[in-house]
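The values are calculated or read from the model by the stated rules, or taken from the named source; none is laboratory data. Not measured: the values here are computed from a predicted model. Backbone-built Cβ (ideal geometry, glycine too); neighbour counts: all protein chains shown.
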Amino acid sequence: MTNIKDLAKMARVSVTTVSRVLNNHPYVSKEKREAVLDAVKSTNYQKNINAVHLSKGKTKLIGVVLPFSDHPYFSLLLKGIAKQALENNYHLVLFQTDYMQNKEIEALEMLQKKQIDGLIICSRTCDLQIIEEYLQFGPIVLSEDVKEINVSSTFVSHYKIFSNALEYLYQRGHRKIGYCIGRSTGANSYNRGLAYKDFHEKYSLSYNSEYIIDKCLYFEDGEKVINQVKLMNIAPSALLVTSDQVAAGIVVSCQKQQISIPDDIAIIGFDNQPIAKMMDITTIEIPLMEMGRNLFLQTINSEISNKEVPVKLIERKTV
C-alpha cells in the first residue's frame with residue numbers, strides 16, 4: 001500500500017509537505033500542493049485512519065454495551081446516546097451481549113487496547129470488580145446507581161419506582177400484588193426485589209414468590225404471564241410489569257380470555273412507550289432518551305458524576 005513517503009517521492013517534496021497537504025495546511029505553495037494531489041489521485045491513496053487516531057490519541061468511537069438491540073427499553077436508551085454522539089461528531093460501536101459475560105469483556109478489552117475512547121454499559125452481567133479493573137484504560141459509564149466503584153452513572157431508582165407503584169396499588173385496595181421482570185439477576189432486579197420484600201414487611205402481607213414472574217421481555221410474553229397466573233391457587237389482583245410491551249401483551253391476552261382489567265387484575269407498565277398510550281395502560285414514564293443523552297455526555301467528560309433521573313406515574317385505565 002502507498003504511504004506518505006511514497007507520495008513524497010512521487011511528488012518530489014518532503015514528507016512534511018505531504019502531511020500538510022493531506023491535513024489541509026494553508027502554508028503550502030500551489031505547485032507543491034498540486035503535485036501531492038496528483039500523486040494521491042494516481043495511487044488512489046487512502047489515509048491510514050488507525051495511524052491518525054494513534055497520533056491524536058482519540059478514535060472518536062464510543063462503545064455501547066446492551067443485551068438486546070430490539071428491546072424497546074434499550075432501543076430508546078440507544079437512540080438518546082446516538083443523537084448526542086451525532087451532535088458531538090462521535091461514532092458508536094455496539095456490543096449486543098445477550099447477557100453473556102465474555103461479550104462484555106470483549107468490549108472492555110477494546111477499551112484497554114484504545115480501540116474505543118470510552119464505554120457505556122446499559123445493562124451488565126460482569127461483576128463490578130471486573131469493570132473496576134478496566135477503569136485505568138478509559139471512561140466507563142453505567143446505567144445504574146453505583147456506589148462500590150468510582151464511575152459515572154445515569155440511572156433511575158428502581159427501588160423507589162417499585163415502592164411508589166406498590167404503594168399506589170395498596171391505596172387502591174390491592175393486597176395480592178405480583179410483578180414481571182426480564183431477568184431475576186442484576187442490580188436493578190435486586191433493588192426491585194428488595195422494594196417488594198420491604199413493602200410486604202411494612203404492611204405485614206404474606207410474601208408469595210410465585211407472584212414473581214421472570215423472562216418477560218416481549219409482547220408475546222404477556223400470554224405466558226396470564227397462563228401462569230391462571231394456574232395459581234390464589235391469583236394476584238395486580239401486576240407490576242417492567243415493560244409496556246409485556247403489559248400490552250397481558251392486556252390483549254386478558255381480552256381474549258374474558259378477564260376484566262382492572263376489575264379482575266390491575267396492570268402497571270413501565271417506560272410509557274407509545275403502545276401504552278394507545279392501549280390506555282397505566283405506566284411509569286422513564287425518560288430513556290434523556291438518560292441516553294446524559295450517559296454519552298458523561299463518557300466524554302473527564303469528571304465523575306452520578307445523576308438520578310426522576311420518573312412519573314401516568315394514570316390511565318388499567319388500575
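Assess whether V229 counts as being surrounded by fewer than 17 Cβ atoms within 10 Å (Cβ to Cβ), modelled with pLDDT of 95 or more and of a type in the set (V, I, T).
So V229 does not fit the description; no.
Whether any residue in segment 68-77 is over 19 Å from I131 (Cβ atoms), of a type in the set (F, W, Y), surrounded by 14 or more Cβ atoms within 10 Å (Cβ to Cβ) and at pLDDT below 95 is what I want to check.
yes
Being in contact (Cβ under 8 Å) with a residue 12 or more places away in the chain, surrounded by fewer than 21 Cβ atoms within 10 Å (Cβ to Cβ) and either under 30 Å from L92 (Cα atoms) or not small (G, A, S) (or both) narrows it down to one residue among K224, K317, K256; which is it?
K317
Which count do you get for residues in segment 126-148 that are in contact with an Asp or Glu (Cβ under 7 Å, 6 or more places away or on another chain), in contact (Cβ under 8 Å) with a residue 24 or more places away in the chain and part of a helix (DSSP H, G or I)?
Count: 0.
Restricting the search to segment 131-176, which residues are of a type in the set (F, W, Y) and over 15 Å from the mean Cα position of the chain (by Cα)?
Hits for segment 131-176 are Y134, F137, Y159, F162, Y168, Y170.
Could we say that F270 is of a type in the set (F, W, Y) and under 15 Å from I181 (Cβ atoms) here?
Judged against the criteria, F270 is a match.
Return the only residue of P262, P287, P236 being out of contact with any helix residue (DSSP H, G or I) (no Cβ under 9 Å at 6 or more places or on another chain) and surrounded by fewer than 24 Cβ atoms within 10 Å (Cβ to Cβ).
P262
Taking the condition crowded, with 19+ Cβ neighbours inside 10 Å and of a type in the set (D, E, K, R), does D198 pass?
Judged against the criteria, D198 is not a match.
Need a quick list: strands (runs of 3 or more DSSP E) entirely within segment 249-318 having at least 2 residues that are of a type in the set (D, E, K, R).
Answer list for segment 249-318: 306-308.
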